Amino acid sequence: QVQLVESGGGLVQAGGSLRLSCAASGSTFSIYVMAWYRQAPGKQRELVADINSGGSTSYINAVKGRFTISRDNAKRIVSLQMNSLKPEDTAVYYCTARRGVGLYWGQGTQVTVSS
C-alpha cells in the first residue's frame with residue numbers, strides 16, 4: 001500500500017509557474033513508477049508525465065519543454081515543475097504510484113491558470 005498526498009496547487013496567471021509535490025508513505029517508494037495525471041472540467045483524465053525507478057521520464061506533447069517531473073527517493077517525494085503555464089493547463093492534478101497491477105492515487109490538487 002502507498003499513501004500519496006499532493007500539495008502546491010493554486011491560482012496563477014498565464015505565463016507563471018507552480019511546483020507540485022507529492023509525498024509518499026507506505027511501501028518502498030523507489031521501486032514505483034510515479035506519475036502526474038490531470039483532469040480538466042468536462043474532460044477525461046490524462047497522463048501528463050511519468051518517471052520510472054531509474055529516473056527516465058516521459059511527457060505528453062502539450063507540456064513538453066514546460067513541465068519537468070522529478071523524484072527524490074530519499075525524501076519519498078515526486079515533483080512536477082510547471083513553467084509557462086497556460087489557461088488550458090487548468091485542471092485537478094493527481095499523483096499516482098504504480099507497480100505491476102497496483103495503482104495508487106492521491107486526492108488531487110487544483111491548478112487554475114487565469115488568462
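Values in this text are rule-based calculations from the coordinates and carry no lab data. Fair warning: this is a prediction, and the values are worked out from it, not measured in the lab. Cβ sites come from the backbone with ideal geometry, for glycine too, and all protein chains shown count toward neighbours.
Please enumerate the residues belonging to segment 15-46 that are of a type in the set (A, V, I, L, M) and surrounded by 14 or more Cβ atoms within 10 Å (Cβ to Cβ).
From segment 15-46, those of a type in the set (A, V, I, L, M) are 18, 20, 23-24, 31, 33-35, 40; that's our starting set.
Within segment 15-46, Leu18, Leu20, Ala23, Ala24, Val33, Met34, Ala35, Ala40 meet the criteria.
For segment 55-111, what are the residues that are outside any strand (DSSP E or B), surrounded by fewer than 21 Cβ atoms within 10 Å (Cβ to Cβ), in contact (Cβ under 8 Å) with a residue 60 or more places away in the chain and of a type outside the set (Gly, Ala, Ser)?
Here is the first cut: in segment 55-111, the ones outside any strand (DSSP E or B) are 55-56, 60-66, 73-76, 83-90, 100-101, 106-108.
With the extra rule that they be surrounded by fewer than 21 Cβ atoms within 10 Å (Cβ to Cβ), the set shrinks to 55-56, 60-62, 64-66, 73-76, 83-84, 86-88, 90, 100-101, 107-108.
Checking the rest, the ones that are also in contact (Cβ under 8 Å) with a residue 60 or more places away in the chain come to 83-84, 86-87, 107-108.
Once the filter is applied, which keeps residues that are outside any strand (DSSP E or B), surrounded by fewer than 21 Cβ atoms within 10 Å (Cβ to Cβ), in contact (Cβ under 8 Å) with a residue 60 or more places away in the chain and of a type outside the set (Gly, Ala, Ser), segment 55-111 yields Asn83, Lys86, Pro87, Gln107.
Exactly one of (1) without any contact (Cβ under 8 Å) to a residue 40 or more places away in the chain; (2) touching a Cys at 6+ places or on another chain (Cβ under 8 Å); (3) of a type outside the set (D, E, K, R) is unmet by Met34. Its number?
Failed condition: (1).
Name the residues in segment 98-115 that are of a type in the set (Phe, Trp, Tyr) and closer than 16 Å to Leu80 by Cα, would you? Walk me through it before giving the result.
Taking segment 98-115 as the starting set, the residues that turn out to be of a type in the set (Phe, Trp, Tyr) are 104-105.
Matches in segment 98-115: Trp105 only.
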